[in-house]
Every structure is written in C-alpha cells, then in structure tokens.
Amino acid sequence: MHPEEGNAGYSYEECRATADWLLAQVDIRPLVGIVCGSGLGGLAEMLKDQVAFNYKDIPSFPQSTVHGHAGRLVFGTLKGRACVCMQGRFHLYEGYPIQKITLPMRIFKLLGVETVILTNAAGGLNQDYRVGDIMILKDHLNMPGFAGNNPLAGLNDERFGVRFPCMSDAYDRDLQQLAFDVGAELGYSDFLRKGVYCVLGGPSFETIAECRMLHTLGADAVGMSTVHEVLVARHCGMRCFALSLITNQAVMDYESEEKANHEEVLETGKLRAEQLERLVSNMVLRIQHNNNNNNNEDDDNDINSY
Ligand SMILES: O=P(O)(O)O[C@@H]1C[C@H](O)[C@@H](CO)O1
C-alpha cells in the first residue's frame, strides 16, 4: 500500500476549499483562533457582530458529539479584535481519525489566523492544585503520540510545514507571560498555575494507578484534547497558547470516594466561566500581530468590562 492510502488526512486543496467557502461568506479576517473546551463554550458567546456556522454545514468538517460542545464555528470580534472561535472541539474518543479532529487548525491557518488560544477541562494531578485553578500550559506529554498516533503521520505536505517539526517551543513563552500579567491585573494570581498537560485517548477516565504514573512522569493535569491541535497548529507556524481549567481532582488514593464524571467537569466550567472569559478576552486585546489590521476605534480597553 502506498503511504498516502493510509493517511486519513485532507489534502491542501480540500483544506483550501473549506477555508475559501468560509471566507466567501464572512468579511471578518481573524488573526486569533480560539478553541473552547468542555463547558467553556461561553467564550464564543462573547464575540460581537457574530457570523456563525453549524459544523454540519461546513464542507469536510466533523460533527460535535459531546455534551458541552455546541458544534459551531463563530466569527466575530472580541474587544475589537477579529477572531474565529470553535464552540466545541473534536476528540479521539469520538471515533474520528486524528487528522480529522485537527482539520480545523489547518482551516484556521488558511483563514489567516496567526495565534491560537486553546482551552480545555482537565483533572488535576499536581497535589497543590485545587478545583477551579487555571493552569497555563508550559509543555505537554503526548501519550497517543508515544503509540504512533500523531496527526502529522502520513505524507507531509510542505505547504503546511516541515516533516519533523520542533516541539520544544510548542507553547509560546511570551503568551504565557501575558496570561500571568493579565491574570495579576484581574486579581486572579491565587488560582493561576503553570504546568504540564498530559493527553490520553479517553473516553474512560484514568485509573488510580494511571494517575499516579502520570504524576510521576511529570504531568500536572490530565485530559483528552488540545495536544493534537497544538501539533498541527505549530506544524503550520501558528503561535499557541493553551490553558486547562482544573475541573476535578484526579483520584490518586485508594481510600478516596471521589469519582471523575463529566457532569462535574461541566459544572466547574460554569463556576469559572466569567473569569476565564475575562482572562482570554483581555489577552486577545493585548496580543501583538505582524499584521494588526483590526485595531478599531471601538476597542473596549477596560480590563474589567465584560
Ligand atoms: O474538550 P476538553 O478537553 O475540554 O474535554 C474534556 C475531556 C473530555 O472530552 C471531557 C471529560 O469530561 O472533558
């Protein structure tokens, strides 16, 4: 079999066709792309002058199947900055090929996006973390990747990026610092952390032994997303910033009565939604781009305005 037949990915031309289909229907030219994690879709609701598409209507797009992921691609402005926002993402456990769940990153790139902000819900492994903490990602552990499940596997199209992309700079350090600066101004320092996110395939939550192992390996939080998207976004040269809302404590102790569940994940999302939205929107306001074509006079520069 030719390797191309084993690659469930989309060609450059297919990605271009989807991006052009979108660009033909919206005037907004986003420099920032946002991905909303489980229960964090409220971020998309903040966009002004929205033009929204249901995923089912977008050529080649997968459908959202998970409660808490609305399944809409929303264009609009956040604090005066042009953005595109995935209100709902795709996960490996939904049964899609890994190239399909990361397709939106290549669409972002072809729409003109330069910076991607990814959010997720995650279980806290670090014993100092509390439910409701927001962890800024400084690095990741890619468990599916260790087993050969990487979205960049298959033939490489150099129009997207190089065969062997570097990942030691996956999470932009200036954006990490910006998050801490903005967080401090908002009074969030007490619940802002920096750590390592570990992705697993899901959908089952982790066993106690698995949580202990991941913690020993250096992970501070565990989840089921984000890393695949970062690999594809970095491959095609977009800057990445990611944060995890710690929605539950990973169970590390055989005496514990705690049981991880999706309802708790969504509930914690609701409790921290407003702070998370303020943090992201104020970061968007301050991100510098080479092509800052969207400074407008209506900029809402008040850090506390919502
Ligand atoms: O899309 P994210 O990573 O926020 O979703 C997390 C992982 C699972 O999809 C789900 C578990 O509750 O939330």
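The values are calculated or read from the model by the stated rules, or taken from the named source; none is laboratory data. Just so we're clear, the structure is a prediction, and the values are computed from it rather than from any experiment. All Cβ positions, glycine included, derive from the backbone under ideal geometry; neighbour counts span all protein chains shown.
Within region 48-92, take every residue that is surrounded by 18 or more Cβ atoms within 10 Å (Cβ to Cβ) and of a type in the set (Ser, Thr, Tyr) and give me the one that is nearest to Asn282 (Cα to Cα). If we take residues in region 48-92 being surrounded by 18 or more Cβ atoms within 10 Å (Cβ to Cβ) and of a type in the set (Ser, Thr, Tyr), then Thr77 is nearest to Asn282 (Cα to Cα). Looking for something surrounded by fewer than 19 Cβ atoms within 10 Å (Cβ to Cβ) and farther than 30 Å from Glu13 by Cα - is there at least one such residue anywhere in region 142-152? Scanning region 142-152 turns up at least one residue that is surrounded by fewer than 19 Cβ atoms within 10 Å (Cβ to Cβ) and farther than 30 Å from Glu13 by Cα. In region 200-219, is there at least one residue being closer than 16 Å to Asp139 by Cα, within 15 Å of the ligand (Cβ to nearest atom) and not in a helix (DSSP H, G or I)? For region 200-219, residues closer than 16 Å to Asp139 by Cα, within 15 Å of the ligand (Cβ to nearest atom) and not in a helix (DSSP H, G or I): present. Contact annotation: residue pairs with Cβ atoms under 9 Å, 6 or more positions apart or on different chains, pairing a residue in region 30-43 that is over 12 Å from Cys83 (Cβ atoms) and in contact (Cβ under 8 Å) with a residue 24 or more places away in the chain with a partner that is basic (Lys, Arg) and near the ligand (Cβ under 8 Å from one of its atoms), are Gly37/Arg89; Ser38/Arg89.
The set of residues in region 231-269 that are in contact with a helix residue (DSSP H, G or I) (Cβ under 6 Å, 6 or more places away or on another chain) and within 11 Å of the ligand (Cβ to nearest atom) comprises Leu245, Thr247, Asn248. Please tell me if Val232 is surrounded by 23 or more Cβ atoms within 10 Å (Cβ to Cβ), more than 13 Å from Leu137 (Cβ to Cβ) and touching a residue at least 40 places away in the same chain (Cβ under 8 Å). Criteria met by Val232. Scanning region 99-128 for residues that are among the aliphatic types (A, V, I, L, M) and closer than 20 Å to Arg159 by Cβ gives Leu103, Met105, Ile107, Leu110, Leu111, Val113, Val116. Which residues, taken from region 244-255, are touching a residue at least 24 places away in the same chain (Cβ under 8 Å) and surrounded by fewer than 17 Cβ atoms within 10 Å (Cβ to Cβ)? Residues satisfying the conditions are Asp253, Tyr254.
Among (1) over 21 Å from Val280 (Cβ atoms); (2) within 16 Å of the ligand (Cβ to nearest atom); (3) of a type outside the set (Phe, Trp, Tyr); (4) in contact with a strand residue (DSSP E or B) (Cβ under 8 Å, 6 or more places away or on another chain), there is one condition His228 misses while meeting the rest; what is its number? It fails just one condition, (1). For region 37-54, taking the residues that are in contact with a helix residue (DSSP H, G or I) (Cβ under 9 Å, 6 or more places away or on another chain) and assigned to a helix (DSSP H, G or I), the one that is farthest from Leu111 (Cα to Cα) is identified as Gly42.
Could you identify the single residue in Arg72, Arg89 that is modelled with pLDDT of 95 or more, within 13 Å of the ligand (Cβ to nearest atom), among the basic types (Lys, Arg) and within 30 Å of Asn301 (Cα to Cα)? Step by step, each of Arg72, Arg89 is checked, and only Arg89 is modelled with pLDDT of 95 or more, within 13 Å of the ligand (Cβ to nearest atom), among the basic types (Lys, Arg) and within 30 Å of Asn301 (Cα to Cα). Pairs meeting the criteria (first residue in region 62-74 and free of Cβ contacts under 8 Å to residues at least 60 places away in the same chain, second residue away from the ligand (no atom under 15 Å from the Cβ) and of a type in the set (Gly, Ala, Ser), beta carbons under 8 Å, at least 6 apart or on different chains) are Arg72/Ala52; Leu73/Ala52; Val74/Ala52. Restricting attention to region 93-137 and to residues that are part of a strand (DSSP E or B) and of a type in the set (Gly, Ala, Ser), the residue that is surrounded by the most Cβ atoms within 10 Å (Cβ to Cβ) turns out to be Ala122. Residue count for region 182-201, restricted to those that are touching a residue at least 24 places away in the same chain (Cβ under 8 Å) and either of a type in the set (D, E, K, R) or within 17 Å of Ile246 (Cα to Cα) (or both): 13. When region 78-98 is examined, which residues are found to be under 19 Å from Val113 (Cα atoms) and more than 11 Å from the chain's Cα centre (by Cα)? Passing the criteria: Leu78, Lys79, Gly80, Arg81, Ala82, Cys83, Val84.
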